[in-house]
Structures are given as C-alpha cells and as structure tokens.
Amino acid sequence: MAGHAAKHDYHLVDPSPWPFVGSVGAFLLAVGAVGNMAGLVDADHPLAFMYADGAWGGLIVGFALVIYTMIGWWGDMIKESKKGDHTAVVDIGMRYGMILFIASEVMFFVAWFWAFFEYAIFHEVRMDPALATWPPAGVETFNPWHIPLMNTLILLLSGTTVTWAHHALQHDDRKGAITGLIFTVVLGACFTALQIVEYAEAGFAFSMADGGNLYGSTFYMATGFHGAHVLIGTIFLAVCLIRLLAGQMSAKKHFGLEAAAWYWHFVDVVWLFLFAFVYVVYQG
C-alpha cells in the first residue's frame with residue numbers, strides 16, 4: 001500500500017531521465033553519422049545543421065548526449081549498489097540482463113560477418129567487375145602477421161589478466177585484482193592505439209558513399225565496430241578499477257567486475273573470428 005515500506009527483494013527504480021535522454025542522443029548520433037557519411041540532406045533541408053557542408057552538429061550533440069547518459073545512468077546504478085538496493089534477486093536480474101545484452105551483441109556482429117562472407121564467398125557470381133576477385137582488384141590488404149597478430153596476442157593476454165583480476169577478487173586478494181585490472185586496461189589501450197596505426201596505414205580507400213568499395217565497407221564496419229567495443233570495454237574495466245580502489249567491491253559483491261569480464265571475453269572471441277577470417281582466410 002502507498003506509504004508503507006516495500007516488503008520484497010525487488011528494486012523499484014526511481015523515475016529517471018536517462019531512457020529519454022539516451023534515446024534522443026542515439027537518434028541524433030545515428031542521423032548525424034549517416035548524413036555526414038552519405039550526404040543524404042542538402043544545405044536547404046531544415047535538418048541540414050546536423051551534417052550539411054561538412055558540419056557535424058547533430059553528430060557531436062548526439063555523441064555528447066550518449067556519453068552524458070552513460071555517465072549518469074551508470075552513476076545511478078553505482079549509487080543504488082552502495083545503498084544496498086542490489087539484493088540477491090536484483091543481482092540475478094542484472095546477470096540475465098547482461099547475458100541477453102551480450103547475446104544481442106553476438107547477433108550484431110553476425111550481421112557484419114554475414115555481409116563479409118556474402119561477398120567473400122559468392123563474389124564470382126556478381127556482375128560487378130569490381131567483384132571479379134575478392135578482395136577487389138587494386139585493394140592492398142593488411143599483412144595479418146604484423147599488427148593484426150600483435151593485436152591478437154594483446155587481446156589473448158588481456159583475457160588472462162582480466163580473469164586473474166576476477167579470480168583474485170573472488171579470493172579477497174584486492175592487490176592482485178587491482179594489478180590484473182591495471183594490466184588489462186593498459187593492454188586494451190595498446191590494442192586501440194595499434195588499430196589506429198593500422199587504419200592510418202591502410203592501403204585501400206574507404207567511403208560510405210562509394211557503393212563499389214564493398215571490401216572497404218565490410219572490413220571497416222566489422223573491425224571498426226569491434227574497435228569501438230574494445231574502447232567501451234576498456235572504459236568499463238577502468239571504472240571497475242576506480243571502484244575497486246575506492247573500496248566499492250568485495251569478494252561477495254563485485255558483479256560490475258564480473259559483467260566487465262564477460263564483456264571483455266566476448267570482445268576477445270569476436271576478434272579471434274575477425275583475425276581468422278577477415279585478415280587470414282579471405283585476405284587475398
């Protein structure tokens with residue numbers, strides 16, 4: 001009844017602005033990005049301020065709103081955890097939620113792999129002369145045994161360090177957990193830095209407006225989105241590290257780190273598929 005304290009283990013979330021703010025930010029981010037890359041709207045369109053003539057207004061505002069939402073929403077969850085709102089029942093719900101989120105991410109990457117394999121396997125039946133071979137003629141692919149191999153080793157090593165951190169915290173070894181997380185965050189940053197170098201040295205051009213450059217489109221969408229996931233995962237782990245240093249995690253209460261470890265292992269597995277098929281098997 002109204003006015004009585006809740007007598008259950010569920011957490012009824014207070015009214016929150018984040019779903020609405022996040023939706024607006026995601027909309028502006030998507031529309032601004034598509035408009036900038038494909039030039040869908042001319043300068044006379046009422047929404048041209050988002051992307052016409054090289055302007056990045058909608059994209060920047062959308063990105064800022066998404067980041068603001070992430071900080072605010074994540075911060076609210078941390079406050080709920082500190083207040084004791086995350087009971088055993090709530091903890092199970094968060095685990096299910098994280099599992100479903102990772103499952104949705106798996107299907108997200110299935111789409112990009114599907115597109116890549118579609119052209120890699122069936123390019124010979126395409127009428128477009130540019131697809132007579134795969135990769136298309138004139139495309140200079142990456143040597144998989146240079147930067148891609150280094151990044152593979154980095155991610156595999158980071159998978160062991162994040163497991164070390166999680167295992168250490170389970171046994172109340174805060175020093176070991178902190179050390180493992182520091183190594184993982186540094187390795188994640190190294191991966192991102194090397195991918196930036198790789199993109200800077202790319203031997204083929206890429207433009208979303210160029211429908212003929214299917215190799216560039218599928219390559220950059222798959223590896224670029226994976227790189228974004230590595231960056232997000234690195235931030236995820238860095239926040240866990242900060243919380244661990246602040247004494248907000250213990251052997252019995254550390255789902256934030258556990259979820260980050262799940263996410264990081266997912267990122268590792270996706271990269272193994274990217275390295276094996278995009279860089280090695282179908283690199284020409």
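Take the residues of region 79-95 that are exposed (fewer than 15 other Cβ atoms within 10 Å of the Cβ) and hydrophobic (A, V, I, L, M, F, W, C): which is modelled with the highest pLDDT? Here the answer is I92.
Look through region 40-66, keep the residues that are of a type outside the set (D, E, K, R) and surrounded by fewer than 13 Cβ atoms within 10 Å (Cβ to Cβ), and return whichever of them is modelled with the lowest pLDDT. So the residue we want is G54.
The conditions of being open to solvent by 40 Å² or more (accessible area, probe 1.4 Å), assigned by the TED database to the domain that holds F225 and out of contact with any Ser or Thr (no Cβ under 8 Å at 6 or more places or on another chain) are met by L100. If you go through region 235-264 and keep only what is open to solvent by less than 40 Å² (accessible area, probe 1.4 Å), among the hydrophobic types (A, V, I, L, M, F, W, C) and part of a loop (DSSP other than H, G, I, E, B), you end up with M249, A251. Taking region 3-25 as the range and being modelled with pLDDT of 75 or more and open to solvent by 90 Å² or more (accessible area, probe 1.4 Å) as the test, the residues that pass are D14, P15, F20. Residue check: is L231 open to solvent by 50 Å² or more (accessible area, probe 1.4 Å) and either touching a helix residue (DSSP H, G or I) at 6+ places or on another chain (Cβ under 7 Å) or not in a helix (DSSP H, G or I) (or both)? For L231, the condition - open to solvent by 50 Å² or more (accessible area, probe 1.4 Å) and either touching a helix residue (DSSP H, G or I) at 6+ places or on another chain (Cβ under 7 Å) or not in a helix (DSSP H, G or I) (or both) - is met.
The values are calculated or read from the model by the stated rules, or taken from the named source; none is laboratory data. Since the model is a prediction, treat every value here as computed from it, not as a measurement. Positions of Cβ are backbone-derived with ideal geometry, glycine not excepted, and every protein chain shown enters the neighbour counts. Areas reflect the complete protein model, heavy atoms only, side chains present, ligands, DNA and RNA absent. Shrake-Rupley method; radii C 1.70, N 1.55, O 1.52, S 1.80 Å.
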